[in-house]
Structures are given as C-alpha cells and as structure tokens.
Amino acid sequence: LEKIEKQAKEPSTKASFYSGGVKINYKGMFFIGEYAQRSIPDNFNSLRGYYGTVGFTYAKMSPYFTYAHIDTVKKPTASQEPKQEQTSLTLGVNYYLNSNVVIKASSSYITPEGKTNGLFNSDLDGKKHIMMFGGEVDAVF
C-alpha cells in the first residue's frame with residue numbers, strides 16, 4: 001500500500017479520462033447515452049463504462065429504462081483493485097410535483113460479470129443478481 005500511496009502523490013503519475021454523451025428529446029420521448037473511459041497507470045484499473053436511457057414524458061410523469069455496463073479494460077499486475085465488471089437494467093419513474101420538486105423511484109437488476117463482484121466491495125453470498133430499489137426527492141430553491 002505504501003507504493004500505491006507514493007505513486008498517487010507523485011506529480012509525474014498521469015491519468016486520462018474521456019467521455020462523450022448525447023441527449024435527444026423529441027415529442028415527449030427522450031434518449032440519453034454516455035460513454036466514458038479512465039486510464040490510470042501502474043496500480044489502478046483502467047475502466048470503461050457506458051449507458052443508454054430511453055423514456056417518455058406524459059403529464060407530470062417520466063417513466064424510463066436504462067441499460068448500463070462497466071468493465072475493467074486493463075488491470076496492472078501491481079493493482080490492488082479487484083477486476084470490476086457488471087451490467088444493470090433499471091426501470092424508473094420521475095414525478096414532477098412542480099417546477100422545483102421531483103419525486104423519483106427506481107428498481108435495478110444488477111449482474112456482476114466475469115467472475116467479479118462487479119462494483120460491490122464483497123462477494124454476493126453466491127447470488128448471481130442483486131435487486132436494488134431507490135427513491136428520492138430532489139428540490140431546487
């Protein structure tokens with residue numbers, strides 16, 4: 001770990017991050033997509049991720065579906081990070097209470113892949129899939 005800490009503090013350690021995205025709205029339907037990749041030398045994994053979301057807006061509601069994937073592009077031999085790979089499928093809905101408040105709910109079906117724990121810190125006790133439920137209230141003042 002000392003070597004990792006030393007390299008993280010060295011100014012000569014270079015990293016790169018690239019991303020690109022698109023958002024299209026047409027007659028109440030929408031598509032959002034993004035691709036991103038990070039490259040970090042030596043002791044850290046280089047990752048690639050992307051997602052696509054489709055949905056529509058009707059009255060005050062916006063149901064949507066998202067497909068997302070992340071994986072390790074390069075795992076240096078000195079890396080302490082475990083390899084990461086997972087795919088998720090999410091169904092959600094946003095309800096716009098007014099122009100300042102949105103109520104959100106979602107359900108994600110997450111599958112770690114490639115004999116990894118995905119983005120989870122520990123193994124999944126033999127489970128191949130995880131269901132994750134979310135809810136929140138966003139407010140702008």
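The values are calculated or read from the model by the stated rules, or taken from the named source; none is laboratory data. These numbers come from a predicted model, not from an experiment. Backbone-built Cβ (ideal geometry, glycine too); neighbour counts: all protein chains shown.
Within the stretch 14-41, being closer than 21 Å to E85 by Cβ and outside any strand (DSSP E or B) holds for A15, I40, P41. Per the conditions (1) over 15 Å from Y67 (Cα atoms); (2) touching an Asp or Glu at 6+ places or on another chain (Cβ under 8 Å); (3) modelled with pLDDT under 95, the sole criterion not satisfied by V102 is (3).
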